[in-house]
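Beneath this line is the structure, given in structure tokens, with notes to follow.
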Amino acid sequence: MQPDLTNRVALVTGGSRGIGAAVARALAAAGADVAVNYRERAAEAAAVAADIRAMGRRAVAVGADVSDSAAVAAMMATIADALGPIDILINNAGIGLVRGVDELTEAEFDLTIAVNLKSAFLCTQAAIPHMRAQGWGRIVNISSGAARGAGGVGVHYNASKAGMEGLTRGYAARLVKDGITVNAVSPSLIETDMVRGGVASSPARIPLGRFGTPEECAQAVLMTIGNAYMTGQTIQLNGGMSFI
């Protein structure tokens, strides 16, 4: 069942490629107008926005470093002017610097926490007032199996994604009476640039026998948006690698 998101405005952070781009297109297919956030990949974000407009929906590509509060405020103002205030927030922006314990630096740890976790806090804080005022909102955080397992990126990535799931539960408990649901989708070994770039060279350890797809992640995101009774939950997508 696909939710009807007609007249809803969605923001997907890190929406220029991979899971973010698939989610942005899926939201548009469900009827939403979509803001596609990017930090560096302007051309790719513009292409995603063009795809959305081709579906008959409104779209805008917005460059912003979502780990910076001033940039988030400016981005929200730009989106409000172009599309309207945000009803649906997908916190997907993230980085995965592959580092061993002995080579990880303090600066890399801080950067990972800022981009992967602080950005979700900043964007959520900015989106809450409108959602609360209208009594409806949907927030979905894109986590990772690394939040609860060893993962292949590093301890900094583990910490950032575990924090995101804690953030999900904390906001869910505090916003449910305002008509706002907050959930997380936790993919493992999805066929994206991060996986192809060295996190996993083969799907041999996945019981299903293949990598997941960004479109399957998008399907799970839409499911959480459409289910008004679900909040504070983390949906695992891992092809049978673990059952948590």
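General remarks:
- Kirkwood-Stokes translational diffusion coefficient of the stretch 106-192, alpha-carbon pairs, 37 °C, 0.692 mPa s, µm²/s: 242
- Between Glu40 and Gln233, full extension at 0.36 nm per residue minus the direct alpha carbon distance yields a gain of 66.4 nm.
- With Cα atoms as the point set, the stretch 100-155 shows a radius of gyration and Dmax of 15.3, 49 Å.
- The packing ranking of peptides 16-22, 210-216, highest mean first, is 16-22, 210-216, where packing means the average number of other beta carbon atoms within 10 angstrom of each residue.
- Label-to-label distance, nm, for residues given as Ala204 and Ala133 (7 Å Cα→Cβ offset): 5.6
- Considered as an equivalent ellipsoid built on the Cα gyration tensor, the stretch 35-128 has semi-axes of 28, 16, 10 Å, the largest given first.
- Placing unit charges on the Cβ atoms of the charged side chains and taking the dipole of the stretch 1-144 about its Cα centre, the candidate lying farthest along the positive direction among Ala64, Gly94, Ala54 is Ala54.
Every number here is computed from the coordinates shown, using simple stated rules; none is lab data. Note that the structure is predicted; figures quoted are calculated from it, not measured. When we count neighbours, we look across all protein chains shown, and the Cβ atoms used for this are built from the backbone with ideal geometry, even at glycine.
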